[in-house]
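Comments concern the structure below.
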Amino acid sequence: MRRLFSIVAIALLQAGGLSTSALADKVDISTVTCGQLISAIDSGTENDKSGMGGILYWIAGYSTTDEQGSVVDFNALGKDFEKVLEGCKAKPKVGVLTVAGKVLGENSTAQGAEAIDLATMTCEAAVKSSKDEEEGLGFILMWIAGWHASDTESKIFDTEEFVSAMEKIGEYCGSHPNVGLLTASEEFMSADE
């Protein structure tokens, strides 16, 4: 179980352009520019797109309001990401976090019937994710990491801490399949941890 979560975490981080030797790096999300986002997407490689997708999911989790809580409508979020991309194309020298702040959180697209509450996703469901679902699980884990970071208002994404937390969550989930994934994440990612 632990291995699955660490593989997903490392794959997503490598997709974002972070080599395994760079996994000890800390990334200040507030310094990621729209130009970098657009350049990565325009490169055409799936790894670059996936990595920037991971950053967008982290920002989405970070931007979530108290009213939204842990409920996410991935279809609506996709529309919001398109708006972020449009804003970034218009202003490539501006930070992605700045542009996203105008689109996400209280300004996000209204959630529809497809919205799910990540608090209801169990460890068992996460652990039993198929190979085809690993990228989606990685994005959910990035959203959760951003959600926890917002508690302390930290814009620093520590790749080493993230991978370590994923390993611990995976191990915990393997022993506690009926516990919610979000609850498990609170054990290892919250400000109280």
- Task: Go through 156-166, 122-132 and give me the packing order, highest mean Cβ count within 10 Å leading.
- Result: 156-166, 122-132
- Message: Apply the Karplus curve 6.51 cos²θ - 1.76 cosθ + 1.60, θ = phi - 60°, to the phi angles in the range 79-90 and return the couplings in whole Hz, x for Gly and Pro.
- Response: 5, 5, 5, 4, 5, 4, 4, 4, x, 6, 5, 6
- In nm, spacing of pseudo-spin labels at Thr183 and Ala115 (7 Å Cα→C-beta vector): 2.3
- Message: Rounded to the nearest angstrom and ordered from largest down, what semi-axes does the equivalent ellipsoid of the range 74-132 get from its C-alpha gyration tensor (root of 5λ)?
- Response: 29, 14, 10
- What aspartates and glutamates could a cross-link reach from Lys79, if we take a straight Cα to Cα line under 16 Å and drop same-chain neighbours fewer than 8 places away? Glu106, Glu114
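For the range 143-193, report the translational diffusion coefficient in µm²/s to the nearest whole number, using Stokes-Einstein at 20 °C, 1.002 mPa s, and a Kirkwood Rh over Cα pairs.
In µm²/s, the coefficient is 192.
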- Task: Wrap a convex hull around the Cα atoms of the range 65-193, take a quarter of its surface area, and give that in square nanometres.
- Result: 8.6
- Task: Pull up all non-local amide H partners of Phe157: gap of 5 or more, or a different chain, and H-to-H distance under 5 Å with H placed in the peptide plane.
- Result: Val27, Asp28, Ile29
- Message: Longer than 31 Å from Cα to Cα, which of Lys26/Lys168; Lys26/Lys93; Lys102/Lys131; Lys89/Lys128 are they? Say none if no pair is.
- Response: Lys102/Lys131; Lys89/Lys128
- Query: About the Cα centre of the range 148-193, what is the dipole size in debye to 20, counting +1 per Lys and Arg Cβ and -1 per Asp and Glu Cβ, all else neutral?
  - Reply: 180
- Candidate aspartates and glutamates - alpha carbon under 12 Å from Lys91, same-chain residues fewer than 8 apart omitted: none
- Query: Out of His148, Ala126, Asn107, whose Cα points farthest toward the positive end of the dipole of the range 20-173 (charges: +1 Lys, Arg; -1 Asp, Glu; placed on Cβ)?
  - Reply: Asn107
- Message: Using 0.36 nm times the number of residues separating Lys131 and Ser39, minus their current alpha carbon distance, what extension gain do you get?
- Response: 30.3 nm
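Bear in mind these aren't lab numbers, they're just calculated from the coordinates by the rules spelled out. Bear in mind that the values here come from a model prediction, so they are computed numbers and not experimental data. Positions of Cβ are generated from backbone atoms using ideal geometry, with glycine treated the same way; all protein chains shown enter the neighbour counts.
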